[in-house]
Ligand code: UN1
């Protein structure tokens, strides 16, 4: 029996607590919401997996209110106790890794190892957050006034709205919800409507952990569209922070609404990530990295490589290697262990792929490999290489598909300028054995992105670093390093333990 036989799929879904029809509303308890029933489709077959009942506007209010009330209790739990709840959540995810990884594959079409990798990313986040729960450090300062002490402390911020995209249907929730939880903040999750079952399954695992710990409802869920959940959540003053992942268009509209009420956002929006390959680079290494970053996840990561900048001296060699490697990519059922590339998420994504290639041709691009939609059920396309000329407008746009634009360059200055000429600024990489070129790429005159790698592709970042990017990518940072600070409020405290009242800056105000 294979992992995708109908009976093994239905037992995996049952172990995750999923039924044929599931509620998409959790506010400490599941309730039957009043919105539409949507069938989640397997993009590899176009067949329904199971259905989810979405929320209506009144249901949003119930979930939002429960999240706001949970904050009052949760913020008083000591941070290491909050960490213990997240530790148990990590254990729950370890137990369900196989099944949840399979669900990611079924619902969004990631290949098996990437589906499992995504659950591993959640587990890594849980481990990170547990450690963090004992390390929410503030600084202490030396006061300029005698017999005074100054320090800063970090308090929980409040309920957090978490809006996630289909392409990382579970890991991005973990980046936010687990950090928020140890920081003392409950979350209300609006997942992508393309991946509702993943969200229900994760929330069920979280529900068990919350119950076992008598914890308030800090992991809530409202599955709906931008009218029933996205818009009211962005405008909701009870949520001081909205963390949103998705397109630049989506981020721009959410950003405006949250800014208008002077709330905070963490925005992780479009990427248009480039790899530079210099003269003398290790081309075997570069080739492998480009394949994973451009073809992996069918080009549907924010961090997918979309532009390849080749030094003239190695350009024709590298193009030949790429064409050969692209022709050997195994496209097909993502649950099959030998498959390297699964489907796009839906018919609209196939249409976007087709249109982008048509525009690329009109703007002077030449297809080196691929360019076709596959004639089979599901949403499959060929990974595609396009020889591009600098400043073709389409190469400044993010198309969520496996299209790689290949450029040639003469000097490093020219390559860096071309690399930085797009509106997005998420991830970037250079393949080189020349330490001067590598350091230049990482310097203030180098890559303008939030992530810059040397001899590593643009995708597949570890959770330990802060994840996010500049320019139209939105400026937010999530996951590791000190990203947690966005989920807390900093309080600067000055204590006078003397009997005098000296004023700062030497000001006198004596009566
Ligand atoms: C995304 O595509 O939105 O670095 C996130 C990576 C993953 C996260 C991608 N760890 O590719």
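Compared with the direct C-alpha span, the chain from residue 37 to residue 142 gains 31.8 nm at full extension, assuming 0.36 nm per residue. Across the range 58-153, Cα-Cα pairs more than 15 Å apart make up 73 percent of the total.
Could you please rank 472, 397, placing first whichever residue has the fewest other Cβ atoms within 10 Å of its Cβ?
Exposure proxy ranking, most exposed first: 397, 472.
Among the DSSP beta bridges whose two residues both lie in the chain, what percent are antiparallel, rounded to the nearest 5? That works out to approximately 40 percent antiparallel.
Kindly work out what percent of the DSSP beta bridges joining two residues of the range 273-463 are antiparallel, to the nearest 5.
Values: 4 of 27 bridges.
The antiparallel proportion sits near 15 percent.
Within a 10 angstrom radius of the beta carbon, how do 282, 333 rank from fewest other beta carbons to most?
On the way: 282 14, 333 22.
The order, fewest Cβ neighbours first, is 282, 333.
Percent relative contact order of the chain, based on C-alpha pairs within less than 8 angstrom and at least six residues apart? Rounded, it is 17 percent for the chain.
The range 474-511 and the range 350-410 have their alpha-carbon centroids 51 Å apart.
The range 165-230: Rg/Rh from Cα coordinates, Kirkwood Rh?
Working: Rg = 11.7 Å, Rh = 12.2 Å.
That ratio is 0.96, to two decimals.
Which ordering of 137, 487 is given by a fewest-first count of other beta-carbon atoms within 10 Å? Display every interim value, and only then the final one.
Numbers: 137 11, 487 27.
Neighbour counts put them in this order, fewest first: 137, 487.
Of all DSSP bridge pairs formed entirely within the range 374-511, close to 35 percent run antiparallel.
In terms of the Cα gyration tensor, with a ≥ b ≥ c the square roots of its eigenvalues, is the range 208-290 rounded because a/c is under 1.5, prolate because a/b exceeds b/c, or oblate? Before the final figure, lay out the partial values.
On the way: a/c = 3.30, a/b = 1.75, b/c = 1.89.
Oblate shape, in that a/c is at least 1.5 and b/c is the bigger or equal ratio.
Decide, for the chain, between rounded, prolate and oblate: order the square roots of the alpha carbon gyration tensor eigenvalues as a ≥ b ≥ c, take rounded if a/c falls under 1.5, and otherwise choose prolate if a/b is larger than b/c, else oblate. Kindly include the intermediate steps, with their values, before the conclusion.
Numbers: a/c = 2.05, a/b = 1.23, b/c = 1.66.
Taking the square roots of the gyration eigenvalues as a ≥ b ≥ c, the chain is oblate.
Computed over the chain, the per-residue total of -39500 (n - 2.57) for DSSP H runs of n ≥ 4 gives a 222 nm mean residue ellipticity of -11500 deg cm²/dmol, rounded to 500.
Rule-based calculations on the coordinates, nothing more; no lab input. On a predicted model such as this, the values are computed, not experimentally measured, just so you know. Note that we place each Cβ from the backbone using ideal geometry, even for glycine, and neighbour counts take in every protein chain shown.
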